[in-house]
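Trainee: Dumping the structure here so I can ask a few things about it.
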Amino acid sequence: MSKNKVTIVTGASRGIGKGIAVSLAQVGYDLIINYYSNNTSALETKNRIDALGVRCHIVQADISIPEDRVKLIEFTKEKFGSCNLLVNNAGVAPSKRSDILEATEESFERVMNVNLKGPYFLTQLIANWMIEQKKEAAEDNFRIVNISSISAYTSSPGRGEYCVSKAGMSMMTKLYADRLAEYGIGVYEIRPGIIETDMTGAVKAKYDKLIADGLTPIKRWGKPADVGQAVAAIADGRLDFSTGQVIDVDGGFHLHRL
Ligand code: NAP
(Lines give C-alpha, C1' and ligand atoms only; values in the text may rest on other atoms or scores of the structure.)
Protein backbone atom coordinates (compact mmCIF):
# COMPACT_ATOMS: atom_id res chain seq x y z
CA MET A 1 0.00 0.00 0.00
CA SER A 2 1.17 3.52 -0.71
CA LYS A 3 2.29 6.13 1.82
CA ASN A 4 2.72 8.79 -0.87
CA LYS A 5 -0.26 10.30 -2.61
CA VAL A 6 -1.19 8.30 -5.71
CA THR A 7 -2.17 9.43 -9.18
CA ILE A 8 -3.42 7.78 -12.33
CA VAL A 9 -2.37 9.60 -15.51
CA THR A 10 -4.05 8.31 -18.66
CA GLY A 11 -2.04 8.35 -21.87
CA ALA A 12 1.22 8.93 -20.02
CA SER A 13 3.55 6.93 -22.26
CA ARG A 14 4.33 9.95 -24.41
CA GLY A 15 3.82 13.66 -24.93
CA ILE A 16 1.85 15.77 -22.47
CA GLY A 17 0.94 12.78 -20.29
CA LYS A 18 4.61 11.97 -19.82
CA GLY A 19 5.32 15.61 -18.91
CA ILE A 20 2.51 15.49 -16.35
CA ALA A 21 3.80 12.21 -14.90
CA VAL A 22 7.29 13.64 -14.40
CA SER A 23 5.95 16.82 -12.76
CA LEU A 24 3.75 14.79 -10.40
CA ALA A 25 6.65 12.52 -9.47
CA GLN A 26 8.64 15.67 -8.66
CA VAL A 27 6.00 16.71 -6.11
CA GLY A 28 6.05 13.22 -4.58
CA TYR A 29 3.19 11.30 -6.14
CA ASP A 30 3.35 7.56 -6.78
CA LEU A 31 2.18 6.87 -10.30
CA ILE A 32 0.04 4.64 -12.43
CA ILE A 33 1.12 5.21 -16.02
CA ASN A 34 -1.64 4.22 -18.42
CA TYR A 35 -0.96 3.68 -22.11
CA TYR A 36 -2.81 2.29 -25.12
CA SER A 37 -0.37 0.41 -27.39
CA ASN A 38 3.12 1.85 -27.02
CA ASN A 39 4.68 -0.40 -24.38
CA THR A 40 8.23 0.75 -25.18
CA SER A 41 7.39 4.40 -24.56
CA ALA A 42 5.49 3.50 -21.38
CA LEU A 43 8.58 1.68 -20.08
CA GLU A 44 10.75 4.69 -20.93
CA THR A 45 8.41 6.91 -18.93
CA LYS A 46 8.52 4.43 -16.05
CA ASN A 47 12.35 4.48 -16.06
CA ARG A 48 12.30 8.28 -15.92
CA ILE A 49 9.84 8.20 -12.99
CA ASP A 50 11.74 5.45 -11.14
CA ALA A 51 14.83 7.66 -11.22
CA LEU A 52 12.87 10.33 -9.32
CA GLY A 53 12.45 7.99 -6.35
CA VAL A 54 8.68 7.43 -6.33
CA ARG A 55 6.87 4.21 -7.11
CA CYS A 56 5.44 3.66 -10.57
CA HIS A 57 3.57 0.98 -12.49
CA ILE A 58 2.51 0.87 -16.11
CA VAL A 59 -0.79 -0.55 -17.30
CA GLN A 60 -2.21 -1.02 -20.76
CA ALA A 61 -5.86 0.00 -21.00
CA ASP A 62 -7.98 1.49 -23.77
CA ILE A 63 -9.97 4.15 -21.93
CA SER A 64 -12.74 3.99 -24.52
CA ILE A 65 -13.56 0.39 -23.46
CA PRO A 66 -15.62 -0.13 -20.26
CA GLU A 67 -13.80 -3.31 -19.17
CA ASP A 68 -10.43 -1.60 -19.59
CA ARG A 69 -11.53 1.31 -17.41
CA VAL A 70 -12.45 -1.15 -14.67
CA LYS A 71 -9.11 -2.90 -15.18
CA LEU A 72 -7.27 0.40 -14.69
CA ILE A 73 -9.05 1.09 -11.38
CA GLU A 74 -8.66 -2.50 -10.12
CA PHE A 75 -4.95 -2.44 -11.01
CA THR A 76 -4.51 0.77 -9.00
CA LYS A 77 -6.35 -0.72 -6.02
CA GLU A 78 -4.16 -3.79 -6.15
CA LYS A 79 -0.85 -1.91 -6.47
CA PHE A 80 -1.45 1.08 -4.18
CA GLY A 81 -4.83 0.66 -2.45
CA SER A 82 -5.68 4.34 -2.97
CA CYS A 83 -5.88 7.10 -5.56
CA ASN A 84 -5.84 10.84 -4.78
CA LEU A 85 -5.66 12.26 -8.29
CA LEU A 86 -6.97 11.26 -11.70
CA VAL A 87 -5.55 13.06 -14.71
CA ASN A 88 -7.70 12.50 -17.79
CA ASN A 89 -5.03 13.19 -20.38
CA ALA A 90 -5.30 10.43 -23.03
CA GLY A 91 -6.73 11.72 -26.26
CA VAL A 92 -6.58 11.33 -30.01
CA ALA A 93 -6.82 13.59 -33.02
CA PRO A 94 -8.86 12.37 -36.01
CA SER A 95 -6.80 9.80 -37.95
CA LYS A 96 -7.32 12.03 -40.96
CA ARG A 97 -8.33 15.68 -40.89
CA SER A 98 -11.54 16.03 -42.96
CA ASP A 99 -13.74 19.00 -43.67
CA ILE A 100 -16.89 19.01 -41.53
CA LEU A 101 -18.93 18.72 -44.76
CA GLU A 102 -17.30 15.37 -45.50
CA ALA A 103 -16.07 13.90 -42.19
CA THR A 104 -17.33 10.43 -41.29
CA GLU A 105 -19.41 9.08 -38.42
CA GLU A 106 -16.71 6.47 -37.89
CA SER A 107 -14.12 9.15 -37.10
CA PHE A 108 -16.63 11.03 -34.93
CA GLU A 109 -17.31 7.92 -32.86
CA ARG A 110 -13.62 7.06 -32.45
CA VAL A 111 -12.66 10.55 -31.29
CA MET A 112 -15.69 10.99 -29.02
CA ASN A 113 -15.21 7.56 -27.44
CA VAL A 114 -11.57 8.17 -26.52
CA ASN A 115 -11.70 11.92 -25.76
CA LEU A 116 -15.07 12.23 -24.03
CA LYS A 117 -16.92 9.00 -23.26
CA GLY A 118 -13.78 7.35 -21.83
CA PRO A 119 -12.89 10.19 -19.42
CA TYR A 120 -16.55 10.77 -18.54
CA PHE A 121 -17.08 7.22 -17.30
CA LEU A 122 -13.57 6.75 -15.92
CA THR A 123 -14.27 9.83 -13.80
CA GLN A 124 -17.54 8.29 -12.65
CA LEU A 125 -15.66 5.18 -11.48
CA ILE A 126 -12.90 7.08 -9.72
CA ALA A 127 -15.29 9.61 -8.19
CA ASN A 128 -17.23 6.82 -6.49
CA TRP A 129 -13.98 5.30 -5.22
CA MET A 130 -12.75 8.73 -4.01
CA ILE A 131 -16.01 9.24 -2.10
CA GLU A 132 -15.44 5.87 -0.37
CA GLN A 133 -11.82 6.79 0.40
CA LYS A 134 -12.84 10.20 1.75
CA LYS A 135 -15.24 8.53 4.20
CA GLU A 136 -12.35 6.48 5.57
CA ALA A 137 -9.71 9.25 5.52
CA ALA A 138 -11.43 12.64 5.79
CA GLU A 139 -8.11 14.50 5.95
CA ASP A 140 -6.87 13.12 2.61
CA ASN A 141 -7.15 15.19 -0.57
CA PHE A 142 -8.76 14.02 -3.79
CA ARG A 143 -8.73 15.85 -7.12
CA ILE A 144 -9.49 15.31 -10.80
CA VAL A 145 -7.83 17.16 -13.70
CA ASN A 146 -9.12 17.07 -17.27
CA ILE A 147 -6.79 17.94 -20.14
CA SER A 148 -9.00 19.57 -22.76
CA SER A 149 -7.67 22.00 -25.38
CA ILE A 150 -8.02 25.45 -26.91
CA SER A 151 -10.18 23.44 -29.35
CA ALA A 152 -12.89 23.45 -26.66
CA TYR A 153 -13.76 26.96 -27.89
CA THR A 154 -11.80 27.43 -31.15
CA SER A 155 -13.37 26.40 -34.44
CA SER A 156 -11.31 24.12 -36.69
CA PRO A 157 -13.81 22.80 -39.29
CA GLY A 158 -11.13 20.41 -40.52
CA ARG A 159 -11.38 18.42 -37.26
CA GLY A 160 -14.82 19.20 -35.92
CA GLU A 161 -15.14 15.96 -33.97
CA TYR A 162 -12.02 16.82 -31.96
CA CYS A 163 -13.41 20.29 -31.11
CA VAL A 164 -16.77 18.84 -30.05
CA SER A 165 -15.06 16.24 -27.85
CA LYS A 166 -13.04 18.93 -26.06
CA ALA A 167 -16.05 21.23 -25.65
CA GLY A 168 -17.83 18.25 -24.09
CA MET A 169 -14.92 17.78 -21.70
CA SER A 170 -15.38 21.39 -20.55
CA MET A 171 -18.98 20.71 -19.57
CA MET A 172 -17.96 17.41 -18.01
CA THR A 173 -15.55 19.37 -15.77
CA LYS A 174 -18.33 21.68 -14.59
CA LEU A 175 -20.71 18.77 -13.96
CA TYR A 176 -18.27 16.78 -11.85
CA ALA A 177 -17.00 19.92 -10.07
CA ASP A 178 -20.56 20.72 -9.06
CA ARG A 179 -21.44 17.17 -8.02
CA LEU A 180 -18.24 16.40 -6.11
CA ALA A 181 -17.76 19.68 -4.22
CA GLU A 182 -19.75 18.36 -1.26
CA TYR A 183 -17.13 15.63 -0.84
CA GLY A 184 -14.24 18.10 -1.05
CA ILE A 185 -13.10 16.71 -4.41
CA GLY A 186 -11.86 19.48 -6.72
CA VAL A 187 -12.25 19.15 -10.48
CA TYR A 188 -10.22 21.25 -12.91
CA GLU A 189 -9.84 21.75 -16.65
CA ILE A 190 -6.50 22.55 -18.21
CA ARG A 191 -6.60 23.91 -21.76
CA PRO A 192 -3.26 23.43 -23.47
CA GLY A 193 -2.47 25.48 -26.54
CA ILE A 194 -0.01 24.33 -29.17
CA ILE A 195 2.26 21.81 -27.48
CA GLU A 196 5.21 20.03 -29.07
CA THR A 197 4.28 16.31 -29.13
CA ASP A 198 3.70 13.50 -31.62
CA MET A 199 0.12 14.74 -32.00
CA THR A 200 1.24 18.05 -33.48
CA GLY A 201 4.20 16.54 -35.39
CA ALA A 202 2.22 16.33 -38.63
CA VAL A 203 1.38 20.04 -38.58
CA LYS A 204 4.69 21.31 -37.20
CA ALA A 205 5.64 23.50 -40.19
CA LYS A 206 2.20 25.11 -40.24
CA TYR A 207 2.31 25.94 -36.53
CA ASP A 208 5.97 27.08 -36.68
CA LYS A 209 4.88 29.76 -39.13
CA LEU A 210 1.71 30.72 -37.24
CA ILE A 211 3.68 31.15 -34.00
CA ALA A 212 6.43 33.14 -35.74
CA ASP A 213 3.71 35.35 -37.26
CA GLY A 214 2.28 36.16 -33.81
CA LEU A 215 -0.57 33.69 -33.26
CA THR A 216 0.32 33.59 -29.56
CA PRO A 217 1.58 36.54 -27.48
CA ILE A 218 4.27 34.24 -26.06
CA LYS A 219 6.05 33.29 -29.28
CA ARG A 220 7.07 29.70 -28.67
CA TRP A 221 5.71 26.17 -28.73
CA GLY A 222 4.42 24.87 -25.43
CA LYS A 223 6.25 21.92 -23.89
CA PRO A 224 4.71 18.94 -22.07
CA ALA A 225 6.39 20.26 -18.90
CA ASP A 226 4.40 23.52 -19.18
CA VAL A 227 1.21 21.48 -18.77
CA GLY A 228 2.87 19.24 -16.17
CA GLN A 229 3.72 22.21 -13.95
CA ALA A 230 0.11 23.42 -14.02
CA VAL A 231 -1.16 19.97 -13.02
CA ALA A 232 1.47 19.81 -10.26
CA ALA A 233 0.24 23.13 -8.83
CA ILE A 234 -3.27 21.67 -8.56
CA ALA A 235 -1.94 18.36 -7.22
CA ASP A 236 0.08 20.21 -4.61
CA GLY A 237 -3.07 21.86 -3.26
CA ARG A 238 -2.39 25.40 -4.48
CA LEU A 239 -5.86 25.85 -5.95
CA ASP A 240 -8.01 24.18 -3.34
CA PHE A 241 -10.60 26.94 -3.03
CA SER A 242 -11.23 26.77 -6.78
CA THR A 243 -13.20 24.07 -8.54
CA GLY A 244 -14.57 23.79 -12.06
CA GLN A 245 -11.75 26.18 -12.87
CA VAL A 246 -10.31 26.48 -16.39
CA ILE A 247 -6.56 27.02 -16.59
CA ASP A 248 -5.21 28.15 -19.95
CA VAL A 249 -1.70 26.85 -20.64
CA ASP A 250 -1.47 28.34 -24.10
CA GLY A 251 1.08 31.17 -24.32
CA GLY A 252 -1.83 33.62 -24.19
CA PHE A 253 -3.65 32.18 -27.23
CA HIS A 254 -7.04 32.78 -25.56
CA LEU A 255 -6.60 36.54 -25.31
CA HIS A 256 -8.68 38.66 -27.68
CA ARG A 257 -6.25 41.14 -29.17
CA LEU A 258 -6.60 44.35 -31.12
P1 NAP B 1 0.18 12.12 -28.08
O2 NAP B 1 1.59 12.58 -28.09
O3 NAP B 1 -0.42 11.63 -29.34
O4 NAP B 1 0.02 11.03 -26.91
C5 NAP B 1 -1.24 10.45 -26.71
C6 NAP B 1 -1.21 9.58 -25.49
O7 NAP B 1 -2.54 9.05 -25.28
C8 NAP B 1 -0.30 8.38 -25.61
O9 NAP B 1 0.23 8.09 -24.34
C10 NAP B 1 -1.24 7.26 -26.07
O11 NAP B 1 -0.79 5.96 -25.70
C12 NAP B 1 -2.48 7.62 -25.26
N13 NAP B 1 -3.73 7.09 -25.80
C14 NAP B 1 -4.24 7.25 -27.05
N15 NAP B 1 -5.42 6.58 -27.15
C16 NAP B 1 -5.65 6.00 -25.96
C17 NAP B 1 -6.67 5.17 -25.45
N18 NAP B 1 -7.72 4.80 -26.20
N19 NAP B 1 -6.57 4.72 -24.17
C20 NAP B 1 -5.51 5.06 -23.39
N21 NAP B 1 -4.51 5.85 -23.83
C22 NAP B 1 -4.58 6.31 -25.10
O23 NAP B 1 -0.80 13.32 -27.59
P24 NAP B 1 -0.47 14.63 -26.75
O25 NAP B 1 -0.20 15.73 -27.68
O26 NAP B 1 0.47 14.34 -25.66
O27 NAP B 1 -1.94 14.91 -26.14
C28 NAP B 1 -2.31 14.55 -24.83
C29 NAP B 1 -3.65 15.21 -24.52
O30 NAP B 1 -3.51 16.63 -24.63
C31 NAP B 1 -4.77 14.81 -25.47
O32 NAP B 1 -6.00 14.72 -24.77
C33 NAP B 1 -4.81 15.98 -26.45
O34 NAP B 1 -6.07 16.11 -27.05
C35 NAP B 1 -4.48 17.13 -25.54
N36 NAP B 1 -3.95 18.32 -26.19
C37 NAP B 1 -2.82 18.26 -26.95
C38 NAP B 1 -2.34 19.44 -27.53
C39 NAP B 1 -1.09 19.46 -28.36
O40 NAP B 1 -0.81 20.52 -28.96
N41 NAP B 1 -0.29 18.43 -28.42
C42 NAP B 1 -3.02 20.63 -27.34
C43 NAP B 1 -4.17 20.64 -26.58
C44 NAP B 1 -4.62 19.48 -26.00
P45 NAP B 1 0.25 5.12 -26.69
O46 NAP B 1 1.59 5.75 -26.50
O47 NAP B 1 0.20 3.73 -26.15
O48 NAP B 1 -0.26 5.25 -28.07
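The values are calculated or read from the model by the stated rules, or taken from the named source; none is laboratory data. None of the values given here were measured: they were computed from a predicted structure. Please note: Cβ atoms are built from the backbone with ideal geometry, for glycine as well, and neighbour counts cover all protein chains shown. Heavy atoms of the whole protein, side chains included, go into the accessibility calculation; ligands, DNA and RNA do not. Shrake-Rupley method; radii C 1.70, N 1.55, O 1.52, S 1.80 Å.
Trainee: Let me have the 222 nm mean residue ellipticity of the chain computed from DSSP H runs of 4+ only, each contributing -39500 (n - 2.57), with the sum over all residues rounded to the nearest 500.
Mentor: -13500 deg cm²/dmol
Trainee: Which order do 240, 140 take by accessible area at a 1.4 Å probe, largest first?
Mentor: Largest to smallest exposure gives the sequence 240, 140.
Trainee: Sticking with this structure for a sec: Can you list residues from other chains, or at least 5 along the same chain, whose modelled amide H is less than 5 Å from the amide H of residue 248?
Mentor: 191
Trainee: Let me make sure I get this right: for the range 131-234, a, b and c are the square roots of the gyration tensor eigenvalues over alpha carbons, sorted descending. Under 1.5 in a/c it's rounded, otherwise prolate if a/b > b/c, else oblate. Which is it?
Mentor: prolate
Trainee: Give, rounded to the nearest 20 debye, the magnitude of the charge dipole that the chain has about its Cα centre when Lys and Arg contribute +1 at Cβ and Asp and Glu contribute -1 at Cβ.
Mentor: Working: 31 positive and 30 negative charges, 109 e Å.
Taking the Cα centre of the chain as origin, the dipole is about 520 debye.
Trainee: Let me ask something additional. Counting pairs of alpha carbon atoms under 8 Å apart in space and at least six apart in sequence, what relative contact order in percent does the chain give? Mind showing how you got there, number by number?
Mentor: Values: 478 pairs, mean separation 53.1, N = 258.
RCO, the chain: 21 percent.
Trainee: Now for a separate question. Among the listed pairs 5/46; 96/204; 71/223; 117/206, which are separated by more than 19 Å between their Cα atoms?
Mentor: Violating the 19 Å limit, Cα to Cα: 71/223; 117/206.
Trainee: Could you name the aspartates and glutamates in cross-link range of residue 135, using Cα to Cα under 18 Å and dropping any fewer than eight places away on the same chain?
Mentor: Within the straight-line cut-off, residue 135 pairs with 182.
Trainee: Per-residue counts of other Cβ atoms within 10 Å, averaged by peptide: what ranking do you get for 92-102, 52-62, 158-168, highest first?
Mentor: 158-168, 52-62, 92-102
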